[in-house]
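Here's the structure we're looking at; comments come further down.
The values are calculated or read from the model by the stated rules, or taken from the named source; none is laboratory data. The model shown is predicted, which means the values in this text are computed figures rather than measured ones. Reconstructed Cβ throughout: ideal geometry from the backbone, glycine too, with neighbour counts over all protein chains shown. We work out accessible area using only protein heavy atoms, side chains counted, and drop any ligands, DNA or RNA first. Shrake-Rupley method; radii C 1.70, N 1.55, O 1.52, S 1.80 Å.
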Amino acid sequence: MGPTITEIESTEFSYPIKDTSYDTHGFNLVYDPGSTVERKLFGIKIRTDEGITGEYVGGNSPGAAQINTFADYLVGKNPLNRERHWSEIKRALRKYDRMGMGPIDIALWDFAGKYYDAPIHELLGTYRERIPAYASTYHGDENGGLDSPEAFADFAEECREMGYGGFKVHGWGGSDTSRNIDREVETLLQLGDRVGDEMDLMCDPACEYETFADALKVGRACDEAGFFWYEDPYRDGGISQHGHRKLAQKLDTPILQTEHVRGLELKTDFVANEATDFLRADPEYDAGITGAMKVANVAEGFGIDVEFHAPGPAQRHCIAATRNSNYYELALVHPDCQNTQPPVYKGDYSDMIDTVDENGTVAVPDDPGLGVEYDWEFIEANQTGSVHVYN
């Protein structure tokens, strides 16, 4: 018969990110001394009749709402039958973006690792146990932090001294397009001059640029400065295959897309139609570790690389089992405020800026499952709503 899921529990909680606020339009997190943003996440527990609980902390409110629609299906099922559950839930959520699948699938993998007394990367098939990291910045601000091309270049030099082999810019948001484009071009050129011979450089406008022409102008600056990749430049939302194929044809810098493309088939089509040079994957966004590893396999089949979005223990396990991936994204970092990591880890797991060693690498957790111990006392003490229990 095998193990059986007896109960699933979802707890929403919040935590503060000090010295931050949102920019003009209220969407990009920026440095703002004296201000605090409250961020909400979810703690997931999948309990079983083995006395072993699969856990994951992350997600968002729309994803949690989707969990409400399929959690009852999982109760009474074998937690090891991940492929079956992945297929069934994928179909059940066919009208939605399937963001609810990720946290549950990751928790099922955590259970499997604990059940077999092995870290997840070992179950996937370990390729490496240390991963090169790049420093991925907060967005540009107007508050005395990353507020100029010089500030970004100075910070890149600091990160290089810490050991980082790569540095990614998230530039300025808002509607002051001409000024922002000029600042971003100058930022990229200064980075190329200051650290381009020693670091891989990345540019991620996060879909801010209002026109294809703006994206092309900044892309040509990436070319001039020798950037490693150019990611999600303009307001198609990162989903136009035609637009990014045309952009790629006009630039030398490789394009990285599909962070905002939901679904294995759509990501596959992006590559097949030559609309991206790297694939983007995220175990939380892309239907769990199961879904993210399918994306990695698609990339390998096409002979290209997959780059995993955002930091976290699930990402570390995926990258550890993936040959065709270059970097771990250590995000978001800033010279004057801390990373956005929630304070939910006991022990020494960290995604703060000083996590890397002198060679710019991070370790892959080696304890069973995700290999981290969550601070459930903190999560419960900072609970923001009712606990959803499915049994």
**OP:** For residues that are closer than 26 Å to Phe27 by Cα and touching a Phe, Trp or Tyr at 6+ places or on another chain (Cβ under 7 Å), scanning just region 189-204, find the one that is surrounded by the fewest Cβ atoms within 10 Å (Cβ to Cβ).
**Re:** Leu201
Subject >> Check on Val169, open to solvent by 10 Å² or more (accessible area, probe 1.4 Å), more than 13 Å from Gly226 (Cβ to Cβ), in contact with a helix residue (DSSP H, G or I) (Cβ under 8 Å, 6 or more places away or on another chain) and of a type in the set (Val, Ile, Thr) >> reply: no
**OP:** Report whether or not His317 is open to solvent by 10 Å² or more (accessible area, probe 1.4 Å), at negative phi, within 14 Å of the chain's Cα centre (by Cα) and modelled with pLDDT of 95 or more.
**Re:** no
Original post:
So which of Thr268, Thr290, Thr258, Thr276 ends up being β-branched (Val, Ile, Thr), over 18 Å from Ile239 (Cβ atoms) and in contact with a helix residue (DSSP H, G or I) (Cβ under 7 Å, 6 or more places away or on another chain)?
Top reply: Thr290
**OP:** Determine whether region 281-302 contains at least one residue that is open to solvent by 30 Å² or more (accessible area, probe 1.4 Å) and within 18 Å of Asp200 (Cβ to Cβ).
**Re:** no
Subject >> Residues satisfying the stated conditions in region 320-348, i.e. hydrophobic (A, V, I, L, M, F, W, C), closer than 22 Å to Pro368 by Cβ and buried (at least 23 other Cβ atoms within 10 Å of the Cβ) >> reply: Ala320
Subject >> Evaluation of Arg47 against (1) of a type in the set (Lys, Arg); (2) in contact with a Ser or Thr (Cβ under 7 Å, 6 or more places away or on another chain); (3) in contact (Cβ under 8 Å) with a residue 60 or more places away in the chain (one fails), failing number >> reply: (3)
Subject >> Among (1) open to solvent by 30 Å² or more (accessible area, probe 1.4 Å); (2) out of contact with any Asp or Glu (no Cβ under 9 Å at 6 or more places or on another chain); (3) more than 22 Å from Pro368 (Cα to Cα), the one test that Asp305 misses >> reply: (2)
**OP:** Would you check if Ser325 is without any contact (Cβ under 8 Å) to a residue 12 or more places away in the chain and not basic (Lys, Arg)?
**Re:** no
**OP:** Residue by residue through region 154-184, note down the ones that are under 29 Å from Glu210 (Cα atoms), in a helix (DSSP H, G or I) and touching a Lys or Arg at 6+ places or on another chain (Cβ under 7 Å).
**Re:** Ala156, Ile181
Original post:
Residues in region 108-133 that are within 23 Å of Gly165 (Cα to Cα) and open to solvent by 30 Å² or more (accessible area, probe 1.4 Å): how many?
Top reply: 6
Original post:
Is there a residue being out of contact with any Leu (no Cβ under 6 Å at 6 or more places or on another chain) and open to solvent by less than 20 Å² (accessible area, probe 1.4 Å) anywhere in region 92-100?
Top reply: yes
Subject >> Looking only at region 295-314, and only at residues there that are more than 22 Å from Pro365 (Cβ to Cβ), part of a helix (DSSP H, G or I) and in contact (Cβ under 8 Å) with a residue 24 or more places away in the chain, the one that is farthest from the chain's Cα centre (by Cα) >> reply: Phe302
